[in-house]
1. Sorting check: for 144-152, 66-74, 95-103, which peptide has the highest mean count of neighbouring beta carbons within 10 Å, and how do the rest follow?
2. By average Cβ neighbour count within 10 Å, what is the ranking of 108-117, 76-85 from highest down?
3. What's the ranking of 176-182, 164-170 by average number of surrounding C-beta atoms within 10 Å, highest first?
4. Among all the aspartates and glutamates, which ones have a C-alpha under 17 Å from K149's C-alpha, if same-chain residues fewer than 8 places away are not counted?
5. Which whole-number value in Å² is the accessible area per residue of the chain, probe 1.4 Å?
6. Which of the residue pairs K5/K45; K69/K110; K74/K152; K45/K138 have a Cα-Cα distance greater than 30 Å in the structure shown?
7. Which entry in (1) 1, 6, 9, 10, 9, 9, 10, 9, 7, 5, 4, 4, 4, 4, 3, 3, 2, 1, 0, 0; (2) 1, 9, 15, 16, 14, 11, 9, 8, 6, 5, 3, 2, 1, 1, 0, 0, 0; (3) 1, 7, 15, 20, 20, 16, 11, 6, 3, 0, 0 matches P(r) over Cα pairs in 5 Å bins from 0, in percent derived from the coordinates of this structure?
8. Between E31, E143, E159, which gets the highest mean-square fluctuation from a Gaussian network model of the chain, Cα cutoff 10 Å?
Amino acid sequence: MESGKQNEYAAFEEKVRRTVYLDNLSPNVTESVVRTALDQYGTVKSVEFIPNYLEPRNMPQCALVEMEKEKQAKVVISTLSEFPFMMSGMPRPVRARAAVAEMFGDRPRKPGRQIRIRWLDTADPDFEVASKLKQLVKRHATETAVMLKEEKLAKQQGETLKANYKKYEMIDSLMADGAARRLARCYNLRVSDDSGPSTFH
């Protein structure tokens, strides 16, 4: 049984060596776009976008692209490091580097590896490291929350601007076809002349 796990992990390591990690991809990029862009360097076996659970939807995304051969993956990495990555005719500063095992959510457990969980005492040398990691996670969560609020506010402001512009167009059309003046006469209101902004009194 142990030999079977070793063979499974060895196959996984081969997959990792064939895989390219792409970062800074446009949110609009799809699997077919990635395949089309990389097929010129070899056969693309699979494209897996890494889920983004924290950042806003319009932030750049990343993906793991498995090539058929390790040599093809190296060509992709070296080429994308020297030239812009053309996608749908638009060059983007896409970053490419070799994938590592920790990037795979479905990676098998490494044979012989044991995970131990324990409470850290304040005197433990690792306590300071754990505290810094905890603070870093909190800071990232706070920054993400602010970005999400800004994205929501920008959307609301855009919708308000569009609504106000439609109102302006409606008023302008009413003044242009004389409907506003006819209404003004019905309600005994005076409309200012055309030399300035159109207002009711």
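1. Sorting 144-152, 66-74, 95-103 by mean packing, highest first, produces 66-74, 95-103, 144-152.
2. So the order, starting with the most tightly packed, is 76-85, 108-117.
3. Output ranking for 176-182, 164-170: 176-182, 164-170.
4. Candidates past the 8-residue exclusion: E55, E159.
5. 76 Å²
6. K74/K152; K45/K138
7. (1)
8. With Cα springs under 10 Å in the chain, the top fluctuation among E31, E143, E159 is at E159.
The values are calculated or read from the model by the stated rules, or taken from the named source; none is laboratory data. Owing to the predicted nature of the structure, the values given are computational and were not obtained by experimental measurement. Here the Cβ is made from the backbone with ideal geometry for all residues, glycine too, and neighbour counts use every protein chain on show. Each accessible area value is taken on the protein alone, full model and side chains, heavy atoms only, with ligands, DNA and RNA left out. Shrake-Rupley method; radii C 1.70, N 1.55, O 1.52, S 1.80 Å.
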